[in-house]
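Beneath this line is the structure, given in structure tokens, with notes to follow.
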Amino acid sequence: MLKAIPKRWFSWDFTIIEGSQQVADIDVSWWRERGLLTVHGIDYMVYREGLMGAFILELDGTVLARTEKPSAFHRTFLIEHENKQYTLRAMSAFRRAFLLLDGSRKIGSISTRGFFTRRATVESPEELPLPAKVFIIWLAVILWKRDSDFAA
């Protein structure tokens, strides 16, 4: 199980903890939907192609994962990684929790620990590589940030 902990009180940057060890950092750019994921000291770029394009996880110019958001009205992402497709879907319109699905089978989740915190617990399958897991957490963070910006 992973834990996502905000780096500062009002920050959208997170530290990812596995057990008692820090394994990754998520640095969200303030300009557009971009960021940097540092996983075990290796930097991965995350960004959106154009204004409405796919979200990309990239290492040294190689696309590792691609994510489409099929509808602007639903908090759902279709994720393609290593020729497999997953779905990240909000559990409800009113919660900040997400399900990770392989087809219709639940294989993971991301949920905040309470209503007033952004600390999150992440369950994901062992076979999914850590950079892909951190990318999926970044997608949830992007949606939380959008919701917060919209509410402000």
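The values are calculated or read from the model by the stated rules, or taken from the named source; none is laboratory data. Here the structure is a predicted model, which is why all the values come from computation and not from measurement. Here Cβ is always computed from backbone atoms with ideal geometry, including for glycine, and neighbour counts include all displayed protein chains.
Count of region 65-84 residues, restricted to those that are within 26 Å of THR38 (Cβ to Cβ) and in a strand (DSSP E or B), is 10.
Note on region 23-64: enclosed strands (runs of 3 or more DSSP E) holding 3 or more residues that are of a type outside the set (Val, Ile, Thr) and free of Cβ contacts under 8 Å to residues at least 24 places away in the same chain are 42-48.
Okay, residues lined up against (1) crowded, with 18+ Cβ neighbours inside 10 Å; (2) aliphatic (A, V, I, L, M); (3) at pLDDT below 95:
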| position | (1), (2), (3) |
| --- | --- |
| PHE10 | no, no, yes |
| GLY19 | no, no, yes |
| TRP31 | no, no, yes |
| LEU37 | yes, yes, no |
| ARG48 | no, no, yes |
| LEU57 | yes, yes, no |
| ASP60 | no, no, no |
| ALA72 | no, yes, yes |
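Among residues of region 1-17 that are among the acidic types (Asp, Glu), those with a Cβ under 8 angstrom from a residue that is surrounded by fewer than 15 Cβ atoms within 10 Å (Cβ to Cβ), sequence gap 6+ or separate chain, pair up as ASP13/LYS7. Once region 74-97 is narrowed to residues that are at pLDDT 95 or above and among the hydrophobic types (A, V, I, L, M, F, W, C), the residue that is farthest from ILE56 (Cα to Cα) is LEU88. Is it the case, given these coordinates, that THR67 is buried (at least 17 other Cβ atoms within 10 Å of the Cβ), in contact with a Ser or Thr (Cβ under 8 Å, 6 or more places away or on another chain) and among the β-branched types (Val, Ile, Thr)? Judged against the criteria, THR67 is not a match.
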